[in-house]
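Below you'll find the structure, written out as structure tokens, and then a few comments.
The values are calculated or read from the model by the stated rules, or taken from the named source; none is laboratory data. Quick caveat, the model's predicted, so the values are computed rather than measured. Here the Cβ positions follow ideal geometry from the backbone for every residue, glycine too, while neighbour counts run over all protein chains shown. We work out accessible area using only protein heavy atoms, side chains counted, and drop any ligands, DNA or RNA first. Shrake-Rupley method; radii C 1.70, N 1.55, O 1.52, S 1.80 Å.
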Amino acid sequence: MHAIVEFQGCQYRVQPGDKIQVPLLDAKPGEQITLDRVLLLSEESGVRVGQPIVTGAKIEATVLRHFRGPKIIVGKFKKRKDYRRRNGYRDDRTEVEIRQILS
């Protein structure tokens, strides 16, 4: 069984036991959260596609930890002007474990 869920503007394909990284949540580690915008649900009986969401489907998850993502290097350059800038950026992330998919 797997599902495609929309969460904070991003779509994730999840199964029970998966660990996904999402943008920073305002939740403490160990806290339970519910994802209710399920776009597609694949079960043994078949596939249910939402229009836009599958009614009655929810995903229960647990917040594992908060951390900072990998550094992304951003560079600016203008030819023949002796202009070069280089900046790094790390965003805050949350790791979430999918507990179960309820249909």
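None of GLY88, GLY75, GLY56 is exposed (fewer than 13 other Cβ atoms within 10 Å of the Cβ) and within 29 Å of ILE101 (Cβ to Cβ) except GLY56. Is it the case that segment 35-46 has a residue that's without any contact (Cβ under 8 Å) to a residue 24 or more places away in the chain, of a type outside the set (Asp, Glu), outside any strand (DSSP E or B) and surrounded by 13 or more Cβ atoms within 10 Å (Cβ to Cβ)? No, segment 35-46 contains no residue that is without any contact (Cβ under 8 Å) to a residue 24 or more places away in the chain, of a type outside the set (Asp, Glu), outside any strand (DSSP E or B) and surrounded by 13 or more Cβ atoms within 10 Å (Cβ to Cβ). Check segment 16-27 and report whether any residue there is assigned to a strand (DSSP E or B), among the β-branched types (Val, Ile, Thr), open to solvent by 60 Å² or more (accessible area, probe 1.4 Å) and in contact with a Phe, Trp or Tyr (Cβ under 7 Å, 6 or more places away or on another chain). So far as segment 16-27 goes, no, none of its residues is assigned to a strand (DSSP E or B), among the β-branched types (Val, Ile, Thr), open to solvent by 60 Å² or more (accessible area, probe 1.4 Å) and in contact with a Phe, Trp or Tyr (Cβ under 7 Å, 6 or more places away or on another chain).
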